[in-house]
Amino acid sequence: MKCCCAANASQLIAIATIAFMAISTGVQPAHSANILGVFLSPSPSHLIVHMSIMKTLAERGHNVTVVTGQKPKVNHEKIHNIIIKPAEALQREMNEELAGLGAKKQSMLEMLTRVITADTVMFTIQLDVLKNERLQEIYETNYDLVIMGYFMNNFQWIVPAKLNCPMILSWTGQPMEMINELVGVPHEASYVPNVFMPYKKGEVMNFSSRLFNLFGSTAFRLFTSILDISLAARYKELAAGDTNIRTYSQMKENVSLIFCNSHFSEGPIRPLVPGIVEIGGIQIKDKPDPLPKNLADFLNASKPNGAVLFSLGSNMKGSNVQPATVQIIYKVLSSLKQNVIWKWEDLSNTPGNASNILYQKWLPQDDILAHPNIKLFITHAGKGGMVESIYNGVPMVAMPVFAEQPANAEKIFSSGYGLQVDILNLKEEPFREAITEVLNNPVYRNNVRSFSKLYRDRPLSARENVLYWVEYVLRHRGAAHMQSPLVRMNFLQSSSLDIFLTIIVALYAIWKLLKWALKGLRKLICLTIGKLKPKQSKKSKKE
Ligand SMILES: *[C@@H]1O[C@H](CO)[C@@H](O)[C@H](O)[C@H]1NC(C)=O
Ligand SMILES: *[C@@H]1O[C@H](CO)[C@@H](O)[C@H](O)[C@H]1NC(C)=O
């Protein structure tokens, strides 16, 4: 008996050890799956996030193929890349679109209408890839799973529809209206601020904020529904002729899960369904890669005062910023005691040649932010860079331009991770003050560092989460059991409005009925009294 127990215990330990090794050393999965990635968004920073997922899967031993419109910066030697470059004219239009955004600040309404109009390029640049004949060879291969980047591009569901295999989406931000409905995350406008709302940790929204938020997210959902009509039309176009193919609305109920590049510790706290898997920071390496020699030497030599990293991200080119603003930035950065790494595309035409500034066309941003001598990150407050900075405990000065950047910058400021300045209206003194304050006041660094600890504290790392859930969907052929019924309900049903309406109608009917009954009763009583009355009155008259 005793002996038997001992054998069981040692067996258990052996199994546990193997299981642990399988997770920690990334040995080959029992079954190597054929996985296809389709990433159509023209933004390089989106591709970095998506490719980090695919790289994790390739490292694990899966057979990974990727279709994309640009050469990926994150890659793996075993990944088969099929790069379908957009036509030059489209690319130019796209660049002009992005360049135009740097020129002036936009209101929320302007931005929304812009999204609708910019859709023309955003759409065609993505549709072009899907219409390319090279996709034919994809459709002739058997895939076990498709992973697709979400970017208002639901027409891309044509790919899993043709391949008849499960799909997973990858979204580069936190859960929001447009993706919530695909897996049935409840819309909770009373306590979950939408992406355009300023967010304060732990804040209970007051009446006006809730009013604004309800209007904001309802408008967002309305916009999504309107957009959906044209997305469905594009899908139909792509499916042309194929009568066996599933319809757009059938595909809408076919999303297995969505990877979100967010983590609840960033807030806002919200209810999630199992179909949302948070992999915030997937693009950050567990251990930084060695830096290119010139950068390593430059940073290592930045000893007592440290160094500053300045980048406006991958969409904004330095030349998109007004020349006068560039001169102000140069004047301030060149006068710092710190060394500065400045992301600048045109190396033959730099803003100035101060000895403390190193211009670089492209930067291994998270490897640089992991360097111990980096003291400050001056950023456009894009999601990716902000997370990398926070992960590495580096405080920031934010210069937001468009989209979700102003909200991110507000978050940096309100969380005490740094300060923000207005790049479209940049003045020398406030810019210098913001930089010196964040460099010299330890409060910002301490705040970022303590949050960094929270952000990294998870049961499974972002990579382990990707592996677990991808293989879960593979094991259970799409894991349809996980889907929330909310996906298949319309607005009236999900908000219980149909119930409330029924109750109101019922109450009204009961009220009418009661009133009618009372009227009848009174009539009856009157009648009875009336019959009695004459006698009584006669009697009383006599008396
Ligand atoms: C891996 O994927 C490629 C490209 O899609 C395909 O041609 C090849 O047959 C796959 N290999 C295996 C072993 O399935
Ligand atoms: C989506 O469709 C595929 C292929 O028919 C199926 O295997 C998968 O289970 C479906 N996924 C969901 C969530 O219904």
Looks like the range 293-456, by Cα gyration tensor root eigenvalues a ≥ b ≥ c and the a/c under 1.5 rounded cutoff (else prolate when a/b is bigger than b/c, oblate otherwise), is rounded
With every protein chain kept in place and ligands, DNA and RNA left out, what is the accessible area per residue of the chain? Probe 1.4 Å, answer in Å².
52
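Add -39500 (n - 2.57) for each DSSP H run of 4 or more in the chain, then divide by its residues: what number comes out at 222 nm, to the nearest 500 deg cm²/dmol?
On the way: 19 runs with 269 residues, N = 543.
Theoretical 222 nm ellipticity from helices: -16000 deg cm²/dmol.
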Global geometry of the range 391-464, whether rounded, prolate or oblate, following the gyration tensor of its Cα atoms and the 1.5 cut on a/c:
oblate
What net charge is computed for the residues neighbouring Ser217, neighbours being all others with C-beta under 13 Å from the C-beta of Ser217, Lys and Arg scored +1, Asp and Glu -1?
0
Part-to-part distance (alpha-carbon centres) for the range 306-368 and the range 464-480, which is given in Å:
43
Return a whole-number percent for the relative contact order of the chain, with Cα pairs under 8 Å and 6 or more residues apart as the contact set.
14
For the range 173-187, just list the computed ³J(HN,Hα) in residue order, Karplus coefficients 6.51, -1.76 and 1.60, θ = phi - 60°, integers in Hz, with x standing in for Gly and Pro.
x, 7, x, 8, 2, 5, 9, 3, 6, 6, 10, x, 6, x, 7
So, with +1 on the Cβ of K and R and -1 on the Cβ of D and E, and no other charges, what is the size of the charge dipole of the chain about its Cα centre, to the nearest 20 debye?
3500
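Could you tell me what percent of the accessible area of the chain is made up of carbon and sulfur, with a 1.4 Å probe and every protein chain present? Walk me through the intermediate numbers first.
Values: 17130 of 28370 Å².
Percent of accessible area from carbon and sulfur atoms in the chain: 60.
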Long-range lysine pairs (8 or more apart or interchain), the range 261-370, Cα under 28 Å
26
Which one, Val49, Tyr248, Phe500, is farthest towards the positive end of the dipole of the chain when Lys and Arg carry +1 and Asp and Glu -1 on their Cβ?
Phe500
List the pairs from Lys78/Lys383; Lys71/Lys383; Lys375/Lys411; Lys55/Lys375 whose alpha-carbon separation is above 23 Å, in the order I gave them.
Lys78/Lys383; Lys55/Lys375
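The values are calculated or read from the model by the stated rules, or taken from the named source; none is laboratory data. Everything quoted here is computed from the prediction, not taken from an experiment. A quick note on method: Cβ atoms are made from the backbone with ideal geometry, for glycine too, and the neighbour counts reach across all protein chains shown. The area values use the complete protein model at the heavy-atom level, side chains included, leaving out ligands, DNA and RNA. Shrake-Rupley method; radii C 1.70, N 1.55, O 1.52, S 1.80 Å.
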